[in-house]
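Each remark here refers to the structure printed beneath this line.
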Amino acid sequence: MAHLIRSKFQNKLSNAATSMSNKSTAKVSGMMAKMGFQAATDEEGLGFAACDDLDYDHRQGLQMDIMKSDEMGGGDAGEGSGEGGMAGGEDGMAAGDSHYQRDGTGPPPSGSKASGLGEEEKSPKITAWEAGWNVTNAIQGMFVLGLPYAILHGGYLGLFLIIFAAVVCCYTGKILIACLYEEDEDGQLVRVRDTYVDIANACCQPRFPSLGGHIVNVAQIIELVMTCILYVVVSGNLMYNSFPTLPISQKSWAIVATAALLPCAFLKNLKSVSKFSLLCTIAHFVINILVIAYCLSRARDWAWDKVKFYIDVKKFPISIGIIVFSYTSQIFLPSLEGNMQKPSEFHCMMNWTHIAACVLKGLFALVAYLTWADATKEVITDNLPSTIRAVVNLFLVSKALLSYPLPFFAAVEVLEKSFFNEQERTWFPNCYGGDGRLKAWGLTLRCSLVVFTLLMAIYVPHFALLMGLTGSLTGAGLCFLLPSLFHLKLLWRKLLWHHVFFDVAIFVIGGICAISGFIHSMEGLIEAYKYGIED
């Protein structure tokens, strides 16, 4: 009897000790989960759940806290400022753990998530067609006029490069958007990054958490502002050549064009920009029809024997930069995809826009070169007769003015997020007031950016060389080098062997094109200034 009592007493002591041990283990597990180690201990946690009911109950309670935090943070913005503010503490951290990232960073806190939902509700979304018009406007821009010049110095290789650049830029645009997403615990893709800068910062963590963002910001600003400058340069040049008898210089025409562009400072969202893109695309098709119609009228004189398998070693690298720059759209693709009503249609939109661009650019460049052969000029409209040239140039100027708002709006967004965002502790205060309206000094800064593009267009009026330089430097970097590098870094464990091969090949080829194009473009600019050559 005494032995039985002693045995029961020992069993109770053992059970009590085991219970206390399990409770302490559960508490430590919960603390580790809240500190950000939930992702690293998922397998271990599942093992405990299979053999220990206490751990299972604890994890179920944690999931209920996560669901409660999500409801309070994402459901009602009003509750987030009251009782929901408590979710920003322990529950908010737990919610972040439920959508962890492999790079060790979590999504924005619940407060920012709620504010983001409010912004999405206020900001109008665009359809896949409107997004396609924006991309088409970017890759079917004014720079198509320099493609016959690339055929002049590259022959069939230049034509192949037009097709190759379309395929590569379409691919890198898709993998760049793929870097915005991560899988959650349920295997569902969640958008955990919003911009090109977020992707770069994720790749540089944990040693240099902001280095990648600074590099991408500088490259984006340079390319976007250079694009705006080129639109002003070409507008002044075309107007001057259209009305050579008027006593107005090219610089004066550039000033007139800039005055028409000042309303761009009042742009609020991409919805307005997409309307300009639609008109711009219509103007582009009219220009193509006029030029191709004239070329077809001279089809009997086409010089097929002039298209050869040779390249001009000195000038063709500049043409590579021109071709690459004509396809640049990656810098605003994250923003565009985030503003789409159905982001799932993004890949389809990229396919048909780049296929259309490839076909139209290739046919335009080949037909124009066959018409003028060795007499092909840097801007193909300079080869047209004076009567047709004036009409085409007017459409080109309207296209340049309508194309200007998209890169300008993207540049303004980058500058505002980098230097004028109080939430991210930037150097300057927010440009917007509490009611969401742009402040007066913020509007002044936007107008100053328009004026800056004018000043650069006046003092650096070399259209082809600037386009080749920008395409070789920032264009190749943002479209070829960085997307492939980021894709390898963030999604390495999920990539198949052919994805790795494509990314490495694109990185190597892009690097060679960038270096050679940059060197020859700089040589061309130095030579132009040395001998006083003007476009």
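The values are calculated or read from the model by the stated rules, or taken from the named source; none is laboratory data. Because the structure is predicted, anything quoted here is derived from the model rather than measured. Every residue, glycine as well, gets a Cβ built from its backbone with ideal geometry; the counts of neighbours run over all protein chains shown. Accessible surface areas use protein heavy atoms only, side chains included; no ligands, DNA or RNA. Shrake-Rupley method; radii C 1.70, N 1.55, O 1.52, S 1.80 Å.
Miscellaneous remarks
- Leading residue by the ranking (farthest from PHE325 (Cα to Cα)) among those in the range 491-526 that are surrounded by 14 or more Cβ atoms within 10 Å (Cβ to Cβ) and of a type in the set (Phe, Trp, Tyr): PHE502
- Subset tally (residues that are open to solvent by less than 40 Å² (accessible area, probe 1.4 Å) and touching a Cys at 6+ places or on another chain (Cβ under 6 Å)) for the range 195-218: 2
- Residues that are among the aliphatic types (A, V, I, L, M) and modelled with pLDDT of 80 or more occur at least once in the range 305-314.
- Residues of the range 127-158 satisfying the condition of being open to solvent by 40 Å² or more (accessible area, probe 1.4 Å) and either of a type in the set (A, V, I, L, M) or within 24 Å of the chain's Cα centre (by Cα) (or both): THR127, TRP129, GLU130, TRP133, LEU157
- Taken together, LYS268, LYS315 contain a single residue that is under 30 Å from CYS447 (Cα atoms), open to solvent by 20 Å² or more (accessible area, probe 1.4 Å) and charged (D, E, K, R), which is LYS268.
- Any hit, the range 439-448, residues being at pLDDT 80 or above, out of contact with any Cys (no Cβ under 6 Å at 6 or more places or on another chain) and charged (D, E, K, R): yes
- Residue within the range 471-480 that is at pLDDT 80 or above, of a type in the set (Phe, Trp, Tyr), open to solvent by less than 40 Å² (accessible area, probe 1.4 Å) and in contact with a Gly (Cβ under 9 Å, 6 or more places away or on another chain) present: yes
- Residue pairs whose Cβ atoms lie under 9 Å apart, separated by 6 or more positions or on different chains, with the first residue in the range 303-317 and closer than 15 Å to TRP372 by Cα and the second modelled with pLDDT of 80 or more and loosely packed, with under 11 Cβ neighbours inside 10 Å, are ALA303/ASP374; LYS306/ASP374.
- Residue ranges of helices (runs of 4 or more DSSP H) in the range 440-535 with at least 1 members under 21 Å from GLY146 (Cα atoms): 440-459, 463-470, 497-530
Listed here are the residues, each with its yes/no results for (1) modelled with pLDDT of 85 or more; (2) buried (at least 19 other Cβ atoms within 10 Å of the Cβ); (3) small (Gly, Ala, Ser).
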site: GLN341; (1), (2), (3): yes, no, no
site: HIS347; (1), (2), (3): yes, no, no
site: ALA357; (1), (2), (3): yes, yes, yes
site: TYR369; (1), (2), (3): yes, yes, no
site: ASP374; (1), (2), (3): yes, no, no
site: VAL397; (1), (2), (3): yes, yes, no
site: SER418; (1), (2), (3): no, yes, yes
site: PHE428; (1), (2), (3): no, no, no
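- Looking only at the range 233-257, residues that are modelled with pLDDT of 90 or more and within 26 Å of the chain's Cα centre (by Cα) come to 0 in all.
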